[in-house]
Amino acid sequence: MSDIGRLCEPIPEVAIVSTKGLRMRTVDRLGVVVCGAMHCDRSSMVVGSNSAGPNWVESPSLCVLVETSAGTVLWDTSCPRDWRTRWEPQGGNLANPYDLVGDDEYLDVQLNNIGVGLDEIDYVVFSHLHIDHAGNGHLFKDTNAKLICSADEKEFAFGFDGPFAGGHLKRDYEDLSLETVSGDTEILPGVTLIQAPGHTVGSMAMQVDLEDSGTMIFTSDSVFLGENFGPPVAKPGFVTDLRMWFASVEKLRQIQERTDATMVFGHDAEQVPRLKRAPEMWYV
């Protein structure tokens, strides 16, 4: 059993089993938190999308707040306020500048506006440990929140030499006590973490089952855009293992077809305006 499986007893560690027509255990409500956006070269998200030179596009930064009677989950932590200096060692401040964010869009401000204190969050789940997803993990270092990532992600993120590798910056997470999950795991009733590697070796998606809104799947960077998901599938440029990525996309598609889930993609600027956004609107 995984670390988090023991932590969450008596809720068992289970594979995803929900199907159409079955009554599922559901959460109370879900809030999408849009923490501004970065600029990125579109070719990093869709191969061959640039005809000549970089095509800088908006790349929204999404977090998700999930409230259940058994605990509150925060999915991802967005980018840090000090991104300009923090990301300088690996050039992230130039390659993916977090320059489309207002003072009221940083994660800590948004949680405060929603009325949720850092000490009221029980689980912080990192879809993976890249700079734009684990950038505010330090906010929860001295809280009682359980900090969770996949076992494969943790092994890689702590295993490479030097302070950074690609989108991983050890400074973001090396002082955190990270618990891990292996395999598809229901961490709370109606909240399931799905192993979806490819973008990184330990990328995850999250499935959330809601009473009225039905099932939602948050892909994070396992699928950047609806265009990647297709069909037809469009290959991303920023990927660790393309074979694993294709397998993960098809896995998520099968879950989507089985559950009739709404897909929410990791950095899709065209989709974001159609989403309900906390604190004004919630999925229930």
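Figures for the structure shown
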read-out: Hits in segment 47-78 (condition: over 16 Å from His130 (Cβ atoms), β-branched (Val, Ile, Thr) and either without any contact (Cβ under 8 Å) to a residue 24 or more places away in the chain or not in a strand (DSSP E or B) (or both)); value: Val47
read-out: Extreme residue, surrounded by the most Cβ atoms within 10 Å (Cβ to Cβ), among residues of segment 224-243 that are touching a residue at least 60 places away in the same chain (Cβ under 8 Å) and either more than 24 Å from Ser61 (Cα to Cα) or among the small types (Gly, Ala, Ser) (or both); value: Ala234
read-out: Members of segment 197-215 that are closer than 25 Å to Val284 by Cα, aliphatic (A, V, I, L, M) and either without any contact (Cβ under 8 Å) to a residue 60 or more places away in the chain or buried (at least 22 other Cβ atoms within 10 Å of the Cβ) (or both); value: Met204, Ala205, Met206, Val208
read-out: Subset of segment 244-281 (residues that are within 21 Å of Cys63 (Cβ to Cβ), buried (at least 18 other Cβ atoms within 10 Å of the Cβ), of a type in the set (A, V, I, L, M, F, W, C) and in contact with a Ser or Thr (Cβ under 9 Å, 6 or more places away or on another chain)); value: Leu252, Ala261, Met263, Val264, Phe265
read-out: Meets criteria (surrounded by 20 or more Cβ atoms within 10 Å (Cβ to Cβ), within 30 Å of Ser182 (Cβ to Cβ) and touching a helix residue (DSSP H, G or I) at 6+ places or on another chain (Cβ under 9 Å)) for Thr72; value: no
read-out: The listed residue being under 19 Å from Arg81 (Cβ atoms), at pLDDT 95 or above and over 15 Å from the mean Cα position of the chain (by Cα), out of Lys141, Lys146; value: Lys141
read-out: Candidates Gly198, Gly135 - the one that is at pLDDT 95 or above, in contact with a helix residue (DSSP H, G or I) (Cβ under 8 Å, 6 or more places away or on another chain), at positive phi and not acidic (Asp, Glu); value: Gly198
read-out: Elements of type helices (runs of 4 or more DSSP H) in segment 81-148, at least 3 residues being closer than 21 Å to Met38 by Cβ and not basic (Lys, Arg); value: 92-95, 107-114
read-out: Residues of segment 135-171 that turn out to be acidic (Asp, Glu), touching a residue at least 40 places away in the same chain (Cβ under 8 Å) and exposed (fewer than 15 other Cβ atoms within 10 Å of the Cβ), as a count; value: 1
read-out: Residue among Asp99, Asp132 that is closer than 23 Å to His267 by Cβ and crowded, with 21+ Cβ neighbours inside 10 Å; value: Asp132
read-out: Set Thr192, Thr180: member being of a type in the set (Ser, Thr, Tyr), crowded, with 20+ Cβ neighbours inside 10 Å and either in a loop (DSSP other than H, G, I, E, B) or touching a strand residue (DSSP E or B) at 6+ places or on another chain (Cβ under 9 Å) (or both); value: Thr192
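The values are calculated or read from the model by the stated rules, or taken from the named source; none is laboratory data. Every value quoted in this text rests on a predicted model; they were computed, and no experiment measured them. With ideal geometry, Cβ positions are generated from the backbone for all residues, glycine too; neighbour counts draw on all protein chains shown.
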